[in-house]
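K.L.:
Okay, here's the structure, questions in a sec.
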Amino acid sequence: MEFITIDAWPPNAPRDYRLDLEAGNVLYFPSTPFTLSADAQDFLRSLDFAGKAMHKNIAYRPSGDRVTGFQGTPEQQAKLLPIMREYSRRVVEFTAALLPQYGAAWKLDYASFRPLEESSRDLPTNKRNDLLHTDAFPSRPTNGDLIMRVFTNIHPSKTRNWITTDPFPVLAEKFARDAGLERIANSGWTEPAVRLLHGIGLPVVPRSSYDRFMLRFHEYLKRNEDFQANCTKYRFDFPPGSTWLTFTDVVAHSVHSGQHALEQTFIVSKRSLARSENAPVRVLERLCGKQLVSAG
Ligand SMILES: [Fe+2]
């Protein structure tokens with residue numbers, strides 16, 4: 001895999017970066033290619049000192065225009081919403097210009113601010129960011145669409161330190177069977193009990209076989225000590241003021257240190273890929289010979 005540096009934005013000659021991303025690379029902008037006011041950055045960084053009045057992330061959902069995960073003073077709350085709204089608007093505008101084919105069909109997911117120092121967090125295994133993993137969302141199944149995330153390091157001096165490894169097709173070839181792909185593929189698109197509970201209106205999440213496998217794979221990789229210790233590793237320290245993006249379900253990644261990152265998530269339609277066979281769902285379907293998501 002590669003960290004592909006893009007120095008100039010807007011570019012002198014447009015280029016379709018979809019194949020680079022779909023192959024499991026990271027696009028890296030040494031200088032953030034959209035505007036984030038110094039005031040907004042100062043304000044976000046200052047929230048660290050507002051006591052314990054926040055969760056691990058402050059989240060903004062563009063569709064609901066609402067901030068969650070923060071219980072500061074009414075003045076802070078009033079200031080935070082327009083800052084997150086503006087950040088989300090700018091990063092979406094930039095990403096749509098960079099990747100117009102994805103932008104025509106993506107769904108906007110959460111934007112978030114990650115205020116905590118990653119190196120000193122004490123979390124259960126499944127929530128640890130310092131173990132290599134592919135992303136999967138328990139509450140928001142994608143039905144085979146992909147998770148793309150744009151990150152910006154707004155710390156004034158510290159790098160944000162990532163490790164990545166081989167892309168999804170390589171990991172799936174090695175580990176999908178051991179992680180239970182056949183069993184999940186054979187057990188139907190949704191667990192019968194969940195289908196039943198969902199059918200009578202209870203708040204459970206029906207998941208495709210693909211989504212169930214991806215949740216399982218996230219945990220499997222984190223708990224696989226041999227993989228964590230011995231896999232190929234690519235390290236990259238993202239400097240302050242830089243921005244990078246990747247498919248976080250294609251590129252296994254871990255974060256070892258760093259503080260104050262902004263991030264916007266996009267759910268990219270598998271139909272908008274440059275090569276639809278690149279989608280993790282197609283990789284898994286080839287491996288097990290079964291359909292893992294509903295058609296449509
Ligand atoms: Fe992740």
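The values are calculated or read from the model by the stated rules, or taken from the named source; none is laboratory data. No experiment lies behind these values; they were computed from the predicted model shown. With ideal geometry, Cβ positions are generated from the backbone for all residues, glycine too; neighbour counts draw on all protein chains shown. Just so you know, the surface numbers come from the protein's heavy atoms only, side chains and all, with ligands and any DNA or RNA stripped out. Shrake-Rupley method; radii C 1.70, N 1.55, O 1.52, S 1.80 Å.
K.L.:
Could you check how much of the accessible area of the stretch 162-296 is carbon and sulfur, as a whole percent, using a 1.4 Å probe?
P.N.:
Reported share for carbon and sulfur atoms: 53 percent.
K.L.:
For the chain, what is the relative contact order in percent, using Cα pairs closer than 8 Å and at least 6 residues apart in sequence?
P.N.:
Details: 547 pairs, mean separation 93.8, N = 296.
For the chain, the relative contact order is 32 percent.
K.L.:
Express the accessible area of the chain per residue in Å², computed with a 1.4 Å probe while the remaining protein chains stay in the model.
P.N.:
On a per-residue basis, 46 Å².
K.L.:
Leaving out same-chain residues fewer than 8 places away, which aspartates and glutamates sit with a Cα under 13 Å from that of Lys222?
P.N.:
Hits, sequence-local ones excluded: Asp130, Asp135.
K.L.:
Same structure again: Mean separation of Cα pairs under 8 Å and 6+ residues apart, divided by the residue count of the stretch 209-296: what relative contact order is that in percent?
P.N.:
With pairs under 8 Å counted, the relative contact order is 32 percent.
K.L.:
Could you list, in their original order, any pairs among Lys79/Lys127; Lys174/Lys290; Lys174/Lys233; Lys127/Lys270; Lys174/Lys270; Lys127/Lys174 whose Cα atoms are separated by more than 25 Å?
P.N.:
Beyond 25 Å between Cα atoms: Lys79/Lys127; Lys127/Lys270.
K.L.:
Restricting the calculation to Cα positions, tell me the Rg (one decimal) and the Dmax (whole number) of the chain in Å.
P.N.:
Taking only Cα atoms of the chain, I get Rg and Dmax of 19.2, 56 Å.
K.L.:
Moving on to the next point. Can you tell me what percent of all Cα-Cα pairs in the stretch 30-174 are more than 26 Å apart?
P.N.:
Looking at the stretch 30-174, the distances longer than 26 Å represent 33 percent of pairs.
K.L.:
Just the Kirkwood number for the stretch 225-296, please: inverse of mean 1/r across all distinct Cα pairs, in Å, one decimal.
P.N.:
Working: mean 1/r = 0.0642 Å⁻¹.
Radius from the Kirkwood sum: 15.6 Å.
K.L.:
Work from the charge dipole of the chain (Cβ charges, +1 for Lys and Arg, -1 for Asp and Glu, about the Cα centre) and give the residue of His198, Ser208, Ser119 farthest towards its positive end.
P.N.:
Towards the positive end, the residue furthest out is His198.
K.L.:
In percent, what relative contact order does the stretch 1-129 have, based on Cα pairs under 8 Å that are 6 or more apart in sequence?
P.N.:
With pairs under 8 Å counted, the relative contact order is 25 percent.
K.L.:
Kindly write out, for the stretch 118-126 in residue order, the coupling ³J(HN,Hα) from the Karplus curve 6.51 cos²θ - 1.76 cosθ + 1.60 (θ = phi - 60°), rounded to whole Hz, with x marking Gly and Pro.
P.N.:
Those phi angles translate into 5, 6, 10, 7, 10, 10, x, 3, 5 Hz.
K.L.:
Pick out, in residue order, every one of the trypsin sites (Lys or Arg not before Pro) in the stretch 256-296 that is DSSP loop and has at most 14 other C-beta atoms within 10 Å; say none if there are none.
P.N.:
Arg275, Lys290
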